[in-house]
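The values are calculated or read from the model by the stated rules, or taken from the named source; none is laboratory data. The structure presented is a predicted model; accordingly, all values stated were derived computationally and were not measured. Quick reminder, even Gly has a Cβ in these numbers, built from the backbone with ideal geometry, and neighbours come from all protein chains shown.
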Amino acid sequence: MAVIICAMRFLFDLLPVILFFAAYRWAGHDAAVAAQWLAHIGLAGVVEKVAPILLATGVAVVASVVQVGTLLALRRRVDTMLWVSLALIVGMGGLTLWLQDPVFIMWKPTLLYWTFAITLGASAWLLRRNLMRTLMGEQLQLPAPVWARLNLAWVGFFTFMGALNLFVAYHFDESTWVSFKLYGGIGLMLLFVAGQGVWLARHLPDAPDRGA
């Protein structure tokens, strides 16, 4: 279904997220080695406590750059969502590494979610352009009020996810946030998409009776 395709585009940065998670878990088993690796790339004097998340951040930044670079080398179109994600991971990840402060990378998912929410909302209410209809109009035939509710639902979902990320980041330990970033974010996205698919099915035009 088209809504699933839209979600998969948003989740195209899944590989950097997986590598971030894997690097964090690996580094967590030997923070001293992680700190040594960081020293080799110019981050000397890293406290072992923050070494795992700094190493994971560096891995995610490199993975994101390689991901976009590969698409460009193959002359494939890079979606706007991916460009935004790349800019945020490089910017917030760079600040995390430079200042050796994990708070910046923890804010990255929230900024990404809220950027999407603002873009969808501003396009609909200020420019009178429904981006969900633009993205999926060729695959779905829906009444205008349904498109409006669909757009609003995504605005609400992205807003909620951004707030939830901050709640987990500030109320739970770092390891819990890293797990939530992978399992919680993707899991909630899939649940939202599945529920929306059921809701949209009620509004799709009936298929023609081939036997008539």
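Taking the criterion of being among the aliphatic types (A, V, I, L, M), farther than 27 Å from Ser175 by Cα and assigned to a helix (DSSP H, G or I), the residues of the range 36-80 that qualify are Val68, Leu71, Leu72, Ala73. Name the one entry in Ile53, Ile18 that is within 22 Å of Tyr113 (Cα to Cα) and touching a Pro at 6+ places or on another chain (Cβ under 7 Å). On inspection, the qualifying residue turns out to be Ile53. Apart from one condition, Gly69 fits all of (1) at pLDDT 90 or above; (2) surrounded by 14 or more Cβ atoms within 10 Å (Cβ to Cβ); (3) farther than 25 Å from Gly187 by Cα; the exception is (2). Scanning the range 25-35 for residues that are more than 18 Å from Trp98 (Cα to Cα) and either in contact with a Lys or Arg (Cβ under 8 Å, 6 or more places away or on another chain) or assigned to a helix (DSSP H, G or I) (or both) turns up Arg25, Trp26, Ala27, Gly28, His29, Ala31, Ala32, Val33. Only one of the numbered conditions (1) charged (D, E, K, R); (2) part of a helix (DSSP H, G or I); (3) at pLDDT 90 or above is not met by Asp101, and that is (2).
From the list Gly94, Gly162, which residue is closer than 26 Å to Glu174 by Cα, surrounded by fewer than 16 Cβ atoms within 10 Å (Cβ to Cβ) and touching a residue at least 24 places away in the same chain (Cβ under 8 Å)?
Details: Gly162 fails: surrounded by fewer than 16 Cβ atoms within 10 Å (Cβ to Cβ).
Going through Gly94, Gly162 in turn, the sole match is Gly94.
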